[in-house]
Amino acid sequence: MQVGQRLELRVEVGRLVLELASESLDDLLAVMTPENQHGPGLNGPAMGAEVW
């Protein structure tokens, strides 16, 4: 890895995994449509100390 490289981050079995990104954010945003967007994720009651 080098400074300025794009990375993908994910959690697998409690470990943080870093890999070189295969697509840029601009590439991903270019293929977004209203049909493939999910709704808001903040629905339901608070489960911990969060407030909304």
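Where a number appears in this text, it was derived from the coordinates with a stated rule and is not lab data. All values derive from a computational prediction rather than experimental measurement. Cβ atoms come from the backbone with ideal geometry, glycine included; neighbour counts cover every protein chain shown.
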Which numbered condition GLU8 misses (of (1) assigned to a strand (DSSP E or B); (2) loosely packed, with under 10 Cβ neighbours inside 10 Å): (2)
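For every residue, the table says whether it meets (1) within 18 Å of the chain's Cα centre (by Cα); (2) free of Cβ contacts under 8 Å to residues at least 12 places away in the same chain.
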{"position": "MET1", "(1), (2)": "no, no"}
{"position": "LEU20", "(1), (2)": "yes, no"}
{"position": "SER24", "(1), (2)": "yes, no"}
{"position": "GLN37", "(1), (2)": "yes, yes"}
{"position": "PRO40", "(1), (2)": "yes, yes"}
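Residues in the stretch 11-52 that are loosely packed, with under 10 Cβ neighbours inside 10 Å and either touching a helix residue (DSSP H, G or I) at 6+ places or on another chain (Cβ under 9 Å) or assigned to a strand (DSSP E or B) (or both): how many?
Step one: filter the stretch 11-52 for residues loosely packed, with under 10 Cβ neighbours inside 10 Å, giving 11-16, 22, 25-26, 29-52.
Next, from what is left, pick out any that are either touching a helix residue (DSSP H, G or I) at 6+ places or on another chain (Cβ under 9 Å) or assigned to a strand (DSSP E or B) (or both): 11-12, 15-16.
Matching residues across the stretch 11-52 total 4.
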